[in-house]
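Enquirer: Below is a structure I'd like to ask you about.
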Amino acid sequence: MRWWDIDPVLDLEKDLFPEDAWSRGMFWSELAHARGAGATRRYVVAEDGERLVGYAGLASSGDLADVQTIAVARDHWGTGLGAVLLTELLRAATAFECAEVMLECRVDNVRAQKLYERFGFEPIGFRRGYYQPGNVDALVMRLTAPENSVQGTEING
């Protein structure tokens, strides 16, 4: 992801996460830590022709990484794009030499939970009222040894 991707990312963000969408400033802040020798972030986008159809981001700190976001355009659900994006994040976690990867997922987002479980993430707890303003709980999930969980990156369809 580069700065010129922020506007289409924001469009997709607002469509998929209307209640708790990230702001432009949040994406700029994350990208500021994604370049150079001291980079601690990895953000990627997926395009279908000229159209941005997905994005994902990971933050690392020491031997711990955190999946910050994964989003796939509704018309690309079920194509395997989410798995491709997650694979890229796990590769980045391995490159950052992270032993564990954490994430939060809305408790009502069963589709995402199933994706994470396929990659070996396990539920370890909840964060009550994590997603605001809707006051939706987050399921906290953890993956150990991300280098062992990287799967194929083929897209179906």
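Since every read-out is calculated from the coordinates, none of them should be taken as a lab result. Fair warning: this is a prediction, and the values are worked out from it, not measured in the lab. For neighbour counting, all protein chains shown are included, and Cβ atoms are generated from backbone atoms with ideal geometry for every residue, glycine included.
Enquirer: So for the pair Glu47, Arg2, with labels modelled 7 Å out along Cα→Cβ, what separation do we get in nm?
Expert: 0.9
Enquirer: Just to check, using Stokes-Einstein with a Kirkwood Rh over alpha carbon pairs, what's the diffusion coefficient of the chain at 37 °C and 0.692 mPa s in µm²/s?
Expert: Values: Rh = 15.9 Å.
Diffusion coefficient, whole number: 207 µm²/s.
Enquirer: Tell me whether the stretch 72-121 comes out rounded, prolate or oblate; compute the Cα gyration tensor, take square roots of the eigenvalues as a ≥ b ≥ c, and use a/c under 1.5 as the rounded threshold.
Expert: Oblate shape, in that a/c is at least 1.5 and b/c is the bigger or equal ratio.
Enquirer: Report the equivalent ellipsoid semi-axes for the stretch 13-53 in whole Å, largest first, defined as the square roots of five times the eigenvalues of the gyration tensor built from alpha carbon atoms.
Expert: Computed over the stretch 13-53, the values are 22, 16, 7 Å.
Enquirer: Still on this structure, please answer the following. With an 8 Å Cα cut-off and a minimum separation of 6 or more residues, compute the relative contact order for the chain in percent.
Expert: 20
Enquirer: Along the Cα→Cβ direction, 7 angstrom out, place labels at Ala37 and Met102. What is the inter-label distance in nm?
Expert: The modelled label-to-label distance comes out at 2.9 nm.
Enquirer: Now, a different point. Can you tell me the FRET efficiency between Ala95 and Leu16 if r is taken as the Cβ-Cβ distance and R0 is 25 Å, rounded to the nearest 0.05?
Expert: Details: r = 27 Å, r/R0 = 1.08.
Once rounded, the FRET efficiency stands at 0.40.
Enquirer: Here's something else I'd like to know. Which of the peptides 72-84, 38-50 is most tightly packed, and how do the rest follow, going by the mean number of other Cβ atoms within 10 Å of each residue?
Expert: Ranking the peptides 72-84, 38-50 by packing returns 72-84, 38-50.
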